[in-house]
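The numbers here are math on the coordinates, done by the rules we state, and not lab data. For clarity, every value in this text was computed on a predicted model and none was experimentally measured. Don't worry about glycine lacking a Cβ; one is built from the backbone with ideal geometry, like all the others, and counts go over all protein chains shown.
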Amino acid sequence: MKDLNFENKRVLVTGGTGFIGGRLVERLVLDCNATVRVLVRDFARASWIARFPVEMIKGDVAQFDDVADALKNCQYVFHCAYGNRGNDLSRRMVNVEGTRNIMKASLDTGVERVVHVSTVAVYGNALDTYLDEESPCRYSGDEYSDTKLDGDKVALEFSSRGLPVVIARPTVVYGPWAPIWTVGILNQLKEGRVVVGDGEGLCNAVYVDDVVNALLLSAFEEKAVGEVFLISGEEPVKWKDFYGAYECMLSTDSVVCMSQAELNECLQKQKRAKRTINRVRKALQDKPRRKQLLQEIPPLAKLHQFTKFVLPRFVWTSLKRLMIGKDSCNDRPGSSETGLKKDGSLLLPSEELVNLFCSKIHVRIDKAKRTLNYRPEFDLERGMELTRQWAKWANLL
């Protein structure tokens, strides 16, 4: 990869306490001689980057004054922040208004380059065999995807006004610290048997360092200004092989492949069970004292003990949580975060994840190769070996 030297340049990173942003900060300091400033909303999440000589400024991308202060004397901006906490409105404030604040303050300040990190999810449920930058973006009804698409539109609007913006759209990013596609999957495979559709769908996986390389290249290549780039690995892999790599790390037999018909049947059973549980919840919530009174009746107390051993785990856990007032039977990290829902010993994909697991789309990176000279350095074997070493260190195995 070309020499990427930010010497005597001040770089602002938003989302620098997160997965991709954190690795970017690390690379900027260790490999690029950059003077790094990070806009930090929650210092409790900054332990990773606190090891480095970076300037951390408390602030929120959703607040324009915070952004304007953080951008003073900066020449480059990497906008990695995205809304992953709070309600839909809070996430929209970060993904859309936060992006608007970054772009406006950057235009006012006259920065040399803004690299905006988006996602392949802005293409929605694409139906084509191949996906490239010319493929149409679609609203899908998913709050994260739709707000990221709105954020991209804001970035392109400012690009048309003369701001030197580059938009990077990574695919399935895995590697050390990856909350969804590494930590989440490892937790799922330890928790139960994970259904990945028929396993033959294509996973456009990319190791985190390849993504960071693409972001750094985007900051230097003049031809990249005003452009959008898809960032993925050299070739897609099958979902059963992607999950299978984590399965090997754990020495488990937890990946389940099933036909579309079998999966649909399981999902329908899950929906019926959920409807029943919701009816019980409503009945119990109508009279709060009813829960306590029911548990004090001896025959029902015995039935309570009996059902604990008879009912499927999914139903039992749900009923138990209803009795103690919790809303979800799936609040353990690594399941709900990736759309997988428990049904007995199976972790079933949500409808959105079913579409992803069944997709045969091949994401093309020709444009990034041609314009950025981007070359993925990590195939699945090499990326997963480094991920395994980290996961062992992190006590995840």
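Full extension of the chain segment joining ARG138 with ARG272 gains 45.2 nm, where the gain is 0.36 nm per residue of separation less the Cα-Cα distance. Neighbour counts of other Cβ atoms within 10 Å put MET258, MET103 in the fewest-to-most order MET258, MET103.
Among 173-182, 199-208, the peptide with the highest mean count of other Cβ atoms within 10 Å heads the list, and the full ranking is 199-208, 173-182.
With Kirkwood's inverse mean 1/r over C-alpha pairs for Rh, give me the Rg to Rh ratio of segment 114-264, two decimals please. Spell out each step's value before the answer.
Details: Rg = 17.3 Å, Rh = 17.0 Å.
My calculation of the ratio gives 1.02.
Take every DSSP beta bridge whose two residues both sit in segment 126-235, then give the antiparallel share in percent to the nearest 5.
Working: 0 of 8 bridges.
If I count the DSSP bridges inside segment 126-235, around 0 percent turn out antiparallel.
Segment 32-149: percent of C-alpha pairs farther apart than 26 Å? Percentage above 26 Å: 29. Of the cross-linked pairs LYS240/LYS269; LYS190/LYS238; LYS269/LYS392; LYS58/LYS223; LYS153/LYS240; LYS190/LYS240, those separated by over 26 Å at the C-alpha level are LYS269/LYS392; LYS58/LYS223; LYS153/LYS240.
When you count, for each residue, the other Cβ atoms within 10 Å and take the mean per peptide, how do 247-257, 41-51 rank with the highest first?
Numbers: 247-257: 15.8, 41-51: 14.0.
Result, highest mean Cβ count within 10 Å first: 247-257, 41-51.
Taking a ≥ b ≥ c as the square roots of the eigenvalues of the Cα gyration tensor, segment 32-87 is oblate, since a/c reaches 1.5 or more and a/b is not larger than b/c. A protection proxy built from the mean count of other Cβ atoms within 10 Å ranks the segments 209-217, 146-154, most packed first, as 209-217, 146-154. Under a 5 Å amide H cut-off, with hydrogens placed 1.01 Å from N, PHE229 pairs with ILE167, ALA168, ARG169 among residues at least 5 apart or on other chains. Taking 12 Å as the cut-off, the amide N atoms of segment 148-180 that come nearer than this to a point 7 Å along the Cα-to-beta-carbon line of VAL225 belong to 159-166.
Straight-line reach from LYS104: which aspartates and glutamates have a Cα under 13 Å away, not including same-chain ones fewer than 8 places off? Counting by Cα, and skipping residues close in sequence, LYS104 has these aspartates and glutamates nearby: ASP65, ASP66, ASP69, GLU157.
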